[in-house]
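Before any comments, here is the structure.
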Amino acid sequence: MIGRGAPGGRGGRAGLGHRLERWAARPLLVAGRLARWLRRHLLGTFAVLGVIAFSLGLIGMYRHFRSEPAMFSWPNIVFFTATLFLADGTVFQDGGKFPLTLEIARFLAPVATAVGVADGVSTIFAQRFERFRARHARHHVIVCGTGPTASALVDKLSRSKRVVLVAEDAEREYPDAELPPGLLRVVGDPVEPLVLAKAGVARADVVYGCLPDTSSNLAIALAARRLAADRVEQPLRCLAQVGDLSLIPHLRARRIGLNDDSGFRLDFFAVEVLGAHALLNRYPPSWAAPEPGAAPTVAPAPLVVLGLSGLGRALVMELARRWRSLAGASGPLLPIAVADPAAEEKLAALRAREPALARVALTAHDTPHGELPPAVTQADGPQEPPEFVYVCQSDEERALLYGLDAAQALNGRFGVARTTVIVRTGRQRSLQDVFGRPTFPRPATPLPGPLLEDLQGGVRFFAVNDEALPLDLGDTDLIERFARASHERYLDTERRRGNAMGSRRAMVAWADLPDDLRDSNRAQAAQFGEVLRAQALMLMPAGEADADFAFTVGEIDELAQQEHERWRREREAKGFALGPTHQDGADRRHPAMVDWSALSEIDRDRDRDVIRSLPAILAHAGLRIVRLEDPT
């Protein structure tokens, strides 16, 4: 039940424990950095000292033996010079005065030997020490696999967190000379539970599965779940990369229907989907970011998407969802022109999967390579320029070519810089620096400027991996998303009932919600699958022809009663009892800790509201509820 919390957040104690663990881990951190410094510099130091000591030794031995003709020979000079590195004092046992160069080499050579031994020892034991630190790491992030996604995660996360990379080619991907300070490596197949155990998965915060195929990432999730089976307080979050973004709603539907792990949370991600979110957040259409006080959009400006790669498809669907959320079911259609070698076929598949596309006026153009279709710039074509052209080609050079071609054609047809062309790149953020905008007036002190002019700001670049990663765990964790959405709906309902913000402990924004109430919302969201199974219901991906689902009155009452009993058991497990709630958080009592039959009607309505809002919350994640049996 949303909003029926009691005092007693655990954030302060958890934060203190986390700080103590970080202090306890500091000696290992210092030792690790020292070991890396030694491995990087000892060999060079040994070589320099060795060359100097040997050269001085040769000079000194030559001068020393030259005064003794019976011992003077080059083999003797070289041999006794070499014995200096073993601290052999045979030459010096009779005493006397020796050349200065020999006296220096006498002490410098053993030092060079010691440095060389230290380098050898560090090389032998460094990998073993790295494995030890990885196995005993805490509150760290595990990245499984190599490639663009894994590299982007490692490069960004290792700046502020301890990261353990698990891959068969981890040492080749990040050799000793290029190892970031916050990175540890475990060499092996991350699908194997024993390899994941070496990465300290039982004490990790997050596990990213970034292997090329979805099945391997699911195997990583399964192994991590087994290794984290005993976790209770802080669940292990696992995010599995999916190769085909169309699989995400299917996998989410099956996971929510079986989400009964208190110590483990699983969700799925595709870089293309995250990239579409990030792209529209950075370059939103005018209707998505209206000026303060501006009137609602009546006729949105047209948009163009070039290339239906994974990012292109995700972008079209995300635009449709945002427009439907803004304009509603009765608003105008959003005009989007799409160019791709198989635009008609791909858009037909998208329409079958995404209901929000019903609010979009899609125009498909089957062009040879996904370049700008001539219909957009023809004299008898549209009179209004597109606000944005999103170039989503997978090939970066082709994307750059088509982006520059599109900017030139649109400038000639509609005028300079009336359309912004966004060119998709991988991780080559340098393109944005290459095509910079010149600064006017010129600064007094000349600064290095861009190499190429960007058509008066008409061309922008979007590096997918750099912008989309790392993941926002609050956005990718389904339980967290459902908990936030449930709380927002609770606030809306309570305000309609006349309850002001701040009038109760739960009447605050999610960011200000006490920890115990956040946990209560998460526990509620984790039971969505159980609620559906109780009524012979199943989750499926949303489709264009889906009918709106609604619970029957009988189902709402039955499920609301089950929700109340679940909430009551959860509160009792945390020490709550029947009694008046004090807003100052002095005790653990609540007046709703009673049977359903004794529950007040307003609290019953709160439970019913939870059930009524369930289809809308699931629909926001691209899911729908279907019946396995006809309601009786």
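Things worth noting here:
- A full extension of the chain between Ala361 and Asp176 corresponds to an added length of 61.2 nm, given 0.36 nm per residue minus the alpha carbon distance.
- Calculated FRET value between Asn499 and Glu344, using beta carbons and R₀ = 60 Å, to 0.05: 0.70
- With the simple spin-label model, which puts each label point 7 Å out from Cα in the Cβ direction, the Arg138 to Glu192 separation comes to 2.9 nm.
- For the range 334-340, Karplus couplings with θ = phi - 60° (6.51, -1.76, 1.60), whole Hz, Gly/Pro x: 8, x, 10, 9, 10, 10, 6
- Sites Asp213 and Ser394 - FRET efficiency at Förster radius 22 Å, r taken between beta-carbons, to 0.05: 0.75
- Computing FRET efficiency as 1/(1 + (r/R0)^6) for Lys97 and Phe129, where r is the C-beta to C-beta distance and R0 is 56 Å, gives about 0.75.
- Each residue, Ala616 and Ala352, gets one label point 7 Å from its Cα in the Cβ direction; the gap between the two is 3.1 nm.
- Each Lys and Arg Cβ is given +1 and each Asp and Glu Cβ -1; about its Cα centre, the range 502-625 then shows a dipole of about 320 debye.
- Other-chain or far-sequence residues with amide H under 5 Å of Arg265's (modelled H): Leu236, Arg237, Cys238
- Full-stretch length increase - Ala301, Glu601 - with 0.36 nm per residue and alpha-carbon distance subtracted: 103.1 nm
- Modelled this way, with points 7 Å down the Cα-to-C-beta line, the labels at Val121 and Asp230 are 3.5 nm from one another.
- In straight-distance terms, cross-link reach from Lys156 covers every one of the lysines whose alpha-carbon lies under 26 Å from its own, apart from those fewer than eight places away in the same chain; here that gives Lys198.
- Contact order for the range 57-196, expressed relative to its length and based on alpha carbon pairs under 8 Å spaced 6+ residues apart, stands at 18 percent.
We did not get these values from a lab; they are worked out from the coordinates using the rules stated. Just so we're clear, the structure is a prediction, and the values are computed from it rather than from any experiment. For neighbour counting, all protein chains shown are included, and Cβ atoms are generated from backbone atoms with ideal geometry for every residue, glycine included.
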